[in-house]
Amino acid sequence: EIEEGSRAALVLELEDGFRAVAIRERRSPLERFLGGVDVVPFRILLIALVGGLVAFWLARYLSRPIRQLRDATLRISAGDLDVRVRSELEGATEEVTALGDDFDRMTERIAQLLESQRRLLRDVSHELRSPLARMRVALELARKSPDAATPHLDRIEREGERLDELIGQILALARLEGDERGHELIDVTTLLQETVADVDYEARGKQREVKLVSVADGVSLKGRAEVIRSAIENVLRNAVRFTPEGTAVDVSATNEDGYFVVRVRDRGPGVPPEELEAIFRPFYRVSTARERSSGGTGVGLTITARATKLHGGTATARNAEGGGLEVELKFALAG
């Protein structure tokens with residue numbers, strides 16, 4: 001075999017002095033792919049064109065979800081909180097669809113918070129208007145009859161106290177709306193016993209009683225003690241307010257299916273069945289005249305519902321057999 005440059009020749013000896021020569025060109029894989037010199041430019045151009053189209057398609061495919069998320073973000077910044085992107089990301093990668101789900105949950109949460117703030121502001125403005133109007137009337141009457149101003153001044157004092165209580169509960173509710181669950185380990189059995197004892201002490205001055213009928217021992221959960229105490233106190237004080245004189249509010253607590261369940265029952269008139277869920281809404285009153293005469297603000301049970309939700313539970317109410325209202329609070333136990 002004879003080699004010269006890119007060629008190799010194989011000489012075979014035949015009969016009668018003849019020779020056969022086989023010549024072959026040795027080319028690299030790249031040379032074999034590109035072909036001869038005359039077709040190399042065309043093949044390079046074709047490869048570049050196909051590669052460019054594939055790269056363009058890949059870039060569009062990979063950047064499409066980013067563009068959709070950007071458009072959704074711009075719409076949200078313009079005030080459109082109804083935008084959702086998950087349905088537009090069908091066919092995308094698993095990571096992108098998961099990002100879409102997270103984006104939709106974030107948007108929904110923002111919408112809920114804004115709606116809650118709008119509703120709270122609307123309700124607050126309505127609730128503040130009434131006591132302020134009564135204070136203005138009382139003040140005007142006191143000015144017209146200075147010698148008999150004492151009842152009017154007493155009315156102004158009561159309305160001022162009511163405003164102070166209302167503003168305090170509104171601030172507590174506003175803090176809970178944006179709060180998150182804490183990580184403090186709480187002996188909730190002891191906390192319940194202390195809370196019942198405090199409210200019972202107040203109730204005895206009104207010829208009523210708060211009794212802890214039964215409680216599960218040694219129960220702990222993770223959360224914020226002051227929030228849980230406030231939730232239970234609001235229910236107890238609400239029950240004391242409406243249970244008749246000479247009767248008792250019964251309190252029991254059990255450990256059920258991973259929840260610490262507190263039940264509070266009064267002996268009052270109860271609530272119409274169709275309004276049992278509504279009593280946990282801000283400023284909702286079953287009977288406006290009754291609630292105001294009893295000194296309620298309509299915010300306490302809303303704080304309770306929000307506090308139980310922060311601790312992985314719920315707040316519900318039902319009319320008890322034999323009369324009265326029974327409120328059930330559930331708090332998720334420490335895992």
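The values are calculated or read from the model by the stated rules, or taken from the named source; none is laboratory data. Everything numeric here is computed off the predicted structure, so don't read it as measured data. All Cβ positions, even for glycine, are placed from backbone atoms using ideal geometry, and neighbour counts span all protein chains on display. Remember, those area values only see protein heavy atoms, side chains included, never the ligands or the DNA or RNA. Shrake-Rupley method; radii C 1.70, N 1.55, O 1.52, S 1.80 Å.
Given a 1.4 Å probe and the protein chains as shown, SER87 ends up with an accessible area of around 90 Å². Close amide H contacts of ALA320 (hydrogens built in the peptide plane, cut-off under 5 Å, sequence separation of 5 or more or a different chain): LEU325, GLU326. Using the Karplus relation 6.51 cos²θ - 1.76 cosθ + 1.60 with θ = phi - 60°, the per-residue 3J(HN,Hα) values for the range 70-87 come to 5, 4, 5, 5, 5, 5, 5, 5, 7, x, 8, 8, 8, 5, 9, 10, 4, 5 Hz, with x marking Gly and Pro.
Across the range 263-274, computed HN-Hα scalar couplings (Karplus, 6.51 cos²θ - 1.76 cosθ + 1.60, θ = phi - 60°) run 10, 10, 10, 9, 10, x, x, x, 9, x, x, 6 Hz from first to last residue, x flagging Gly and Pro. For the set GLU209, GLU157, solvent exposure ranked by accessible area (probe 1.4 Å, protein chains only) runs largest to smallest as GLU157, GLU209. Can you give me the Cα centroid spacing of the range 232-291 and the range 90-121 in angstrom? Between the Cα centre of the range 232-291 and that of the range 90-121, the gap is 34 Å. Between the amide H of THR243 and those of ARG267, distances stay under 5 Å, these residues lying 5 or more places away or on another chain, with hydrogens modeled in the peptide plane. Under 5 Å between amide hydrogens, built in the peptide plane, is the criterion, and for VAL249 it picks out GLU209, VAL210, LYS211 among residues at least 5 positions away or on other chains.
Each residue of the range 186-202 was assigned a 3J(HN,Hα) from its phi angle through the Karplus curve 6.51 cos²θ - 1.76 cosθ + 1.60 (θ = phi - 60°); the sequence is 10, 7, 6, 5, 5, 4, 5, 4, 5, 5, 4, 4, 5, 5, 5, 4, 5 Hz, with glycine and proline shown as x. Placing dummy labels 7 Å off each Cα toward the beta-carbon, the span from ASN319 to TYR201 is 3.7 nm. Among the protein heavy atoms, those of ASP82 account for about 130 Å² of accessible surface (1.4 Å probe, every chain in place).
By the rule of a C-alpha distance below 28 Å, with chain neighbours fewer than 8 residues away ignored, the lysines paired with LYS222 are LYS211, LYS309, LYS330.
How about the range 47-111: which GluC sites (Glu not before Pro) there lie in a loop by DSSP and see at most 10 other Cβ atoms within 10 Å?
Sparse-neighbourhood loop GluC sites (Glu not before Pro): GLU90.
Across the range 54-114, Cα-Cα distances exceeding 15 Å account for 50% of all pairs.
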